[in-house]
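The values are calculated or read from the model by the stated rules, or taken from the named source; none is laboratory data. It should be emphasised that the depicted structure is a prediction, and the values quoted were computed from it without experimental measurement. Note: ideal-geometry Cβ built from the backbone for every residue, glycine included; neighbour counts use all protein chains shown. The accessibility values were calculated without ligands, DNA or RNA, using every heavy atom of the protein model including side chains. Shrake-Rupley method; radii C 1.70, N 1.55, O 1.52, S 1.80 Å.
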Amino acid sequence: MRVRLAASDPGLLRLTAGLRTVAAIVLTLAVLALLRVPVPQLVAGAMASMVATFALREKQRSRQAVTLALGLSVALASVSLSALLNQWVVVGDVFFVVLIFCAVYGRRFGDRGTALGLIGFQIYFLSLFVRATTTTLPALYGVITVAFVCSAAARFVLLPETPAGTLGLLRRAFRARLGQLVAAQIELLDAGPDEAEKVLEHLRTGTARLHETALMIQGRLEEGTADEATARLLQRRVADAEIAAERLGLLLLTARSAERTDTLTLHLPGAPLPSGGALPVRDEATTVLRRDLEALRLLVLRPVGEASGTALAQVRNRLLGYREEENLPKASPAVQDVFRGLGEAARAVLGLRIALDGPQDESDDTPATARSREELDAEDAAIESGEETEPAKPEPTGLGRPTTRAAVQVAVGSALAIVGGELLSSQRWYWAVLTCWIVFLNTASTGEILVKGYRRLVGTVLGVVAGIGLAGLVGHHTWTAFALVLVCVFAMFFTAPLSYTLMSFFVTAMLGLLYTLLSTYSVSVLVVRVEETALGAACGMIAAAVVLPVRTDRRTDDLLVGVLDKLAFVTRAAMDQLSGAPPADLVDQARDLDQALADLRAATQPLTHPIAPQRGRRDTARYVVALLETCAYHARSLAATAELLPTHPSIAADPRLRGAGRRIVHNIEAIAAHVADPRSTVEIETGPSIASMLEPGTLRTPRYGRVTDRVLRHLQRLDEAVSGLARPLGIARERSGK
């Protein structure tokens, strides 16, 4: 159960967010109940504590405390202005629009600016919801202060969170997901022809989830580790384990077929198994392979306190022995490659265990295990900060700055929502403004806003149905209603990263209960809620499409150029280092590439969403992203191999690689130039296949005096994937004899 929970919620971030918010609300309600405040103030306190809890995004506890203190001042000022301006409708509406502009513009100042803007807006909205007046201000001051204090108690006392603790939970999640990926690989080995496609989808999902966790760890390394050397060591070991696990999956796919599997198979949804994925012949070698895959999974998941003993040491030694050619069982070349991959995966897991848990018992080591430890120790000693960094690009200014543009768009959309909302309902108009505000959160293009507005509307409609049912069941039982509100709050925060529709559903169901508590519940009120939500989403879409619009294709093109630039940088740096250049921090640069690709993947959701009308464009977007994920995998592998150069006995600098990499980098830059400017005349170069360097007799130097064949295969696959990008992007090629 611990493994399943760790894998389903990396770092327990969703669980902690839900529990912390619920704890803050419970504390607030308990204190206010002891003070015998009326129900409307209980509702205000619950909403204020929720806002104070979820608004904070900073990772350091000291910064969180400062932001929370500043947030209390902002909240008191916001509720005061709302109550004072309530009697002047036009002035109050104008101020609300100005407040919305300032709240969104504040995002340019980082997490603190975002939090303070969110608190200012949400507390103003709260005051409209509970109909604050100047006579109720003193009571609301006390309620909001209690809510913020209780939020601080929940955050810092009841459910404390430290960067180091969160990083520890993320490391546990990485191991759990790595174990799940190995389990999917075992399923692939056992799957019959009818089950192979389904198992392949499990393999894709497991690979993507492992990569997601690796990126989450990357985002927490700076705050969660004691020093830079520790951060780089952990980053390196996580990257090694991820690369080894993905490579093992590719080798298993190849062993099931009559041809080498393209890396794209693991990244493109719906891609078929090569050659139908024929089931390998059941023989002694495949039986041993299944046993050793189970052993690898055991090695990944076994806690350090239970990892001692001769039996586990024998398992570890046997797996590491497959790194030596003489220990490989008799089998077909493809199956022997799987055993080699198994040995490399075991080495990566050993390095991961040492990085996470400290030195291990070495009393039962075999010579092969001892050599693996020596290699890991040499790599650890060689890890130091690299000096090579990607050149910074100039930041946009004025209306070109994303935060400024978004602030103008939200202000215009909110003004439209206020006017339209007043026409629909003079009492509930603020729901349209809230929806307009929310559809702009974490969006950067018209398409993203359209999809988010659609999801919010669907969730709201379903939530209205649930709210009607819950309100009818609860009646006037106040504390039962508050208990259900807490359930909805927890579900809202737990599902928010997974499904915006589900989150909207629970928000609306919760609001139905709050209306019941305020004795203003009716079916007509919830119907108005749907109407205001639809209006707010429409106003947001209109503002995004008319005011300083950022089209989805422009947004994705900009991000695509950024991904290609980082891919070219990582590839060039890796080739330079493998050709003899001084060492640089390549794995960190590869992770920056992965993050840029994650941003692009998120931005293409409007194009790949089921409601997207253009099926051909949707398939092209998926194919391009899958090709880029393939490129990123090979670039990541090359970067990790290049960093081994000073310490690994089977890798040496080879100047010929600079020439091979030059064409790949040129092609990446040519594609980026074409995406940035379709009128670009730069063309893709073609030439002799890098695979020719793998043919017998081409490389006549000894095994321990040249770059391994694996590096050349990664180069070949990267070359093919980059060239493959030219076709869907419509880029011309030129024939070259180079």
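For residues that are open to solvent by less than 50 Å² (accessible area, probe 1.4 Å) and among the hydrophobic types (A, V, I, L, M, F, W, C), scanning just the stretch 715-732, find the one that is farthest from residue 675 (Cα to Cα).
Here the answer is 715.
If you go through the stretch 97-117 one residue at a time, do you hit one that is over 30 Å from residue 423 (Cα atoms), of a type in the set (Val, Ile, Thr), surrounded by 22 or more Cβ atoms within 10 Å (Cβ to Cβ) and out of contact with any Cys (no Cβ under 6 Å at 6 or more places or on another chain)? Can you show your working first?
From the stretch 97-117, those over 30 Å from residue 423 (Cα atoms) are 106-116; that's our starting set.
Keeping just the survivors that are of a type in the set (Val, Ile, Thr) gives 114.
Subsequent filtering for residues that are surrounded by 22 or more Cβ atoms within 10 Å (Cβ to Cβ) retains 114.
Retained after the next criterion (residues that are out of contact with any Cys (no Cβ under 6 Å at 6 or more places or on another chain)): 114.
Scanning the stretch 97-117 turns up at least one residue that is over 30 Å from residue 423 (Cα atoms), of a type in the set (Val, Ile, Thr), surrounded by 22 or more Cβ atoms within 10 Å (Cβ to Cβ) and out of contact with any Cys (no Cβ under 6 Å at 6 or more places or on another chain).
Go through (1) over 22 Å from the mean Cα position of the chain (by Cα); (2) over 15 Å from residue 488 (Cβ atoms); (3) in a helix (DSSP H, G or I) and name the single condition residue 37 misses.
(3)
Among the residues of the stretch 598-605, are any part of a helix (DSSP H, G or I), modelled with pLDDT of 90 or more and open to solvent by less than 50 Å² (accessible area, probe 1.4 Å)?
From the stretch 598-605, those part of a helix (DSSP H, G or I) are 598-603, 605; that's our starting set.
Within this subset, residues satisfying the condition of being modelled with pLDDT of 90 or more are 598-601.
So of that shortlist, the ones also open to solvent by less than 50 Å² (accessible area, probe 1.4 Å) come out as 598, 600.
Within the stretch 598-605 (the criterion being part of a helix (DSSP H, G or I), modelled with pLDDT of 90 or more and open to solvent by less than 50 Å² (accessible area, probe 1.4 Å)), the answer is yes, since at least one residue qualifies.
Evaluate the stretch 682-703: report whether one residue or more is at pLDDT 75 or above, of a type outside the set (Phe, Trp, Tyr), open to solvent by 40 Å² or more (accessible area, probe 1.4 Å) and under 30 Å from residue 559 (Cβ atoms). Steps first, please.
First, pick out the residues of the stretch 682-703 that are at pLDDT 75 or above: 682-686.
In the following step, the residues that additionally are of a type outside the set (Phe, Trp, Tyr) were identified as 682-686.
Next, from what is left, pick out any that are open to solvent by 40 Å² or more (accessible area, probe 1.4 Å): 682-683.
Applying the additional criterion that residues be under 30 Å from residue 559 (Cβ atoms) yields 682-683.
Within the stretch 682-703, one or more residues are at pLDDT 75 or above, of a type outside the set (Phe, Trp, Tyr), open to solvent by 40 Å² or more (accessible area, probe 1.4 Å) and under 30 Å from residue 559 (Cβ atoms).
From the list 57, 20, pick out the single residue that is among the charged types (D, E, K, R) and assigned to a helix (DSSP H, G or I). Walk me through it before giving the result.
On the way: 57 fails: assigned to a helix (DSSP H, G or I).
It is 20.
Might you check whether a residue that is in a helix (DSSP H, G or I) and open to solvent by 30 Å² or more (accessible area, probe 1.4 Å) occurs anywhere in the stretch 359-366? Explain how you work it out, then say what you get.
If we filter the stretch 359-366 for residues that are in a helix (DSSP H, G or I), which is where we start, we get none.
No, every residue in the stretch 359-366 fails to be in a helix (DSSP H, G or I) and open to solvent by 30 Å² or more (accessible area, probe 1.4 Å).
So which residues in the stretch 153-168 are crowded, with 18+ Cβ neighbours inside 10 Å and out of contact with any Ser or Thr (no Cβ under 8 Å at 6 or more places or on another chain)?
Answer for the stretch 153-168, where residues must be crowded, with 18+ Cβ neighbours inside 10 Å and out of contact with any Ser or Thr (no Cβ under 8 Å at 6 or more places or on another chain): just 166.
Residue 370 - would you say it is farther than 16 Å from residue 175 by Cβ and either among the aliphatic types (A, V, I, L, M) or not in a helix (DSSP H, G or I) (or both)?
On the way: farther than 16 Å from residue 175 by Cβ: yes; either among the aliphatic types (A, V, I, L, M) or not in a helix (DSSP H, G or I) (or both): yes.
Judged against the criteria, residue 370 is a match.
Taking into account only those residues within the stretch 469-478 that are in a helix (DSSP H, G or I) and over 14 Å from residue 514 (Cβ atoms), which is least open to solvent (accessible area, probe 1.4 Å)? Walk me through how you get there before you give the answer.
Within the stretch 469-478, the subset in a helix (DSSP H, G or I) is 469-474, 478.
With over 14 Å from residue 514 (Cβ atoms) added as a condition, the list becomes 469, 472-473.
On the way: 469: 37, 472: 62, 473: 144 Å².
Across the stretch 469-478, the extreme among qualifying residues is 469.
Under 6 Å by Cβ, and 6 or more places apart or on different chains, what pairs join a residue from the stretch 199-212 that is open to solvent by 70 Å² or more (accessible area, probe 1.4 Å) with one that is small (Gly, Ala, Ser) and assigned to a helix (DSSP H, G or I)?
Pairs found: 202/184.
Residues checked against (1) in a helix (DSSP H, G or I); (2) closer than 30 Å to residue 38 by Cβ; (3) open to solvent by 40 Å² or more (accessible area, probe 1.4 Å):
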| residue | (1), (2), (3) |
| --- | --- |
| 520 | no, yes, yes |
| 525 | yes, yes, no |
| 531 | yes, yes, yes |
| 543 | yes, no, no |
| 555 | yes, no, yes |
| 559 | yes, no, no |
| 562 | yes, no, no |
| 571 | yes, no, no |
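Can you work out which of the residues in the stretch 448-467 that are small (Gly, Ala, Ser) and under 25 Å from the mean Cα position of the chain (by Cα) is surrounded by the fewest Cβ atoms within 10 Å (Cβ to Cβ)?
First pass over the stretch 448-467, keeping only residues small (Gly, Ala, Ser): 453, 459, 463, 466-467.
From the residues that got through so far, the ones that are under 25 Å from the mean Cα position of the chain (by Cα) too are 453, 459.
Values: 453: 25, 459: 22.
Checked the stretch 448-467; the qualifying residue surrounded by the fewest Cβ atoms within 10 Å (Cβ to Cβ) is 459.
Determine the pairs where a residue that is at pLDDT below 95, located within the stretch 145-158, has a partner that is buried (at least 21 other Cβ atoms within 10 Å of the Cβ) with Cβ atoms under 6 Å apart, the partner being 6 or more residues away or on another chain.
158/23
For the stretch 133-143, give me each residue that is within 14 Å of residue 47 (Cα to Cα) and not in a helix (DSSP H, G or I).
none
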